[in-house]
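As C-alpha cells, the structure follows; a few thoughts come after it.
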Amino acid sequence: METMDRRKTLAMLSTLVLAACGGGGGGSDDAPAPVAGSPEPAPAPVSPTPPAPAPSPSSPSPAPAGTSYGSFSAASLGVGASTNGAVAFPSDNAWNRDISAEPVDANSAALIASIGLNTGLHPDFGSGTYEGAPIGIPYVIVSGTQAKVAMRWTAYGEESDPGPYPVPSTAQIEGGPSGDGDRHVIVIDKDNNRLYELYRAFPQSGGSWNADCGAVFHLDSNDVRPGGEPGWTSADAAGLPIFPGLARYEEAALGPGGIRHALRFTVVNSRRAYLPPATHYASTKTATNLPPMGMRVRLKASYVIPSSFSTETKALLTAMKTYGMIMADNGSNWFVSGAPDSRWNNDRLNSELGQVKGSDFEVVRMQGIVTG
C-alpha cells in the first residue's frame, strides 16, 4: 500500500535491470489514508467488444486436475510452498471471474493512456535476489497448529483486523530483513483457509510483530474480509488481498489456463476513488482519466500471443486475456506482481513481457465507483 505518510518512492531502474523488488515502488501518487465517499453513477453502457478469435494454442484450457477453489487443505507447508491446485476464494469470486466477454469501459482509451500506451509490462518478481532480497512478494504456508502471536499496529490500527496472527518468526519479509520498502508479510493457514497479510512488518523479540496494519481474509468465502469495512485499507493500498493476485511459477508452468485468477498490477498515478472489490483509495487526484483502485484491465482479444514466448509468459498473458489484471497500488506503471521462485527465467520474463505494451490493453467497464 502506498500513501504519502507511509510509503516513499522506491526508485525503479530501467528495463536493463532484470527486476525490481518492493512490490511496485516508484509511485508518485500519494495521500493520507482517506475515508470512503459516495457511489459515483455508473457510465452508460457501451457496445460489447467483438467476439474473441477462434481458440489458439494459447487459449485457456479446462481447469487443471486437482484445482480446488477456496480450500488450501492439500497445500504444502513452508516459504513459497506449492498450493497443489488451491485457488483463493470460490470460483465465482471477483478475482476468479472470466471477464473476457465483458464490455469495454467508455473511458478506456483515456485511462490506458494515463498509464502509458507505449510502456511495456514489467515483472516485479523473478528468481535470485536484488540488493540481497528475493525478487517479488514472498509468502509462507503454515498449518492450523502454528502458534499465534501478538500484533502491534503502528499506523492504521483502526483499519486493521485484530490479532493474534499465526506469523512464524522466520516468515520472509518483502525486501528482506533490512528492507525499507513495503515489507509485506503474507501467511496462509492451510487448515483454516485463512490469509493473513501485514504491511511494514517488523519482527520483535519474543515472537510478536509490529506492523503499520494487518488484514485477515477468508479464502473459503466470498465474504472475503468479514472484519473489514468500506473505506478501509489493508496491506495493499486498494484494501484488497495481495496473495490472490500474485503470479506464481507453480501455476505459470502449467501453460495457458494454468493461472485461474486475475493478476495484480500498479500505476504511478491513481484517482481518489475505488471500485469493488477494492475498498480504499490512496490519492488526492480526482481527474476521471486516472484509474481508480480496483480498476480491471484485460489484454485485448486481438492480441496474438507469440508462439515463441515461453510457457510461463504464455500462461501469464492468457490469464490477462481471461481474468485481466486489477490495479491495486501506486507504484510503477504496468508493473505486474508475483512471488519469488528460483525457477523463473528473468531474462525471458523481462524480454517477453516488455514486448506487450499498454496499447494492447483495454479497461473492463466500471460500475459502482466510490469517490472521495
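Assorted remarks:
- Meets criteria (crowded, with 23+ Cβ neighbours inside 10 Å and either within 12 Å of the chain's Cα centre (by Cα) or at pLDDT 95 or above (or both)) for THR286: no
- Complete set of residues in the range 60-106 that are at pLDDT below 65 and surrounded by fewer than 16 Cβ atoms within 10 Å (Cβ to Cβ): SER61, PRO62
- Among the residues of the range 335-372, those identified as assigned to a strand (DSSP E or B) and of a type outside the set (A, V, I, L, M, F, W, C) are SER337, GLY338, LYS357, GLU362, THR371.
- Any hit, the range 116-128, residues being among the hydrophobic types (A, V, I, L, M, F, W, C), surrounded by fewer than 18 Cβ atoms within 10 Å (Cβ to Cβ) and in a helix (DSSP H, G or I): no
- Scanning the range 332-363 for residues being open to solvent by less than 10 Å² (accessible area, probe 1.4 Å) and in contact with a Lys or Arg (Cβ under 6 Å, 6 or more places away or on another chain) gives a total of 2.
- Residue in the range 319-331 that is surrounded by the most Cβ atoms within 10 Å (Cβ to Cβ), counting only those that are assigned to a loop (DSSP other than H, G, I, E, B) and touching a strand residue (DSSP E or B) at 6+ places or on another chain (Cβ under 6 Å): GLY331
- Residue match in the range 219-235 (condition: open to solvent by 20 Å² or more (accessible area, probe 1.4 Å) and within 21 Å of ALA81 (Cα to Cα)): yes
- Of all residues making up the range 158-171, the number that are touching a Phe, Trp or Tyr at 6+ places or on another chain (Cβ under 8 Å) and part of a loop (DSSP other than H, G, I, E, B): 3
- Scanning the range 289-316 for residues being of a type in the set (A, V, I, L, M, F, W, C), over 15 Å from the mean Cα position of the chain (by Cα) and open to solvent by less than 10 Å² (accessible area, probe 1.4 Å) gives a total of 2.
- Taken together, the residues in the range 246-268 that are among the basic types (Lys, Arg) and within 11 Å of the chain's Cα centre (by Cα) amount to 1.
- Taking first residues from the range 102-119 that are of a type in the set (Ser, Thr, Tyr) and partners that are part of a loop (DSSP other than H, G, I, E, B), the Cβ contacts under 7 Å between residues at least 6 apart in sequence or on separate chains come to SER114/ASN269; SER114/ASN289; SER114/LEU290; SER114/PRO291; THR119/ASN333; THR119/TRP334.
- All conditions but one from (1) open to solvent by less than 40 Å² (accessible area, probe 1.4 Å); (2) in contact with a Ser or Thr (Cβ under 7 Å, 6 or more places away or on another chain) apply to ALA133; the one that does not is (2).
The values are calculated or read from the model by the stated rules, or taken from the named source; none is laboratory data. These figures come from a predicted structure and were not determined experimentally. Cβ atoms come from the backbone with ideal geometry, glycine included; neighbour counts cover every protein chain shown. Keep in mind that these areas ignore ligands, DNA and RNA; they rest on the heavy atoms of the full protein, side chains included. Shrake-Rupley method; radii C 1.70, N 1.55, O 1.52, S 1.80 Å.
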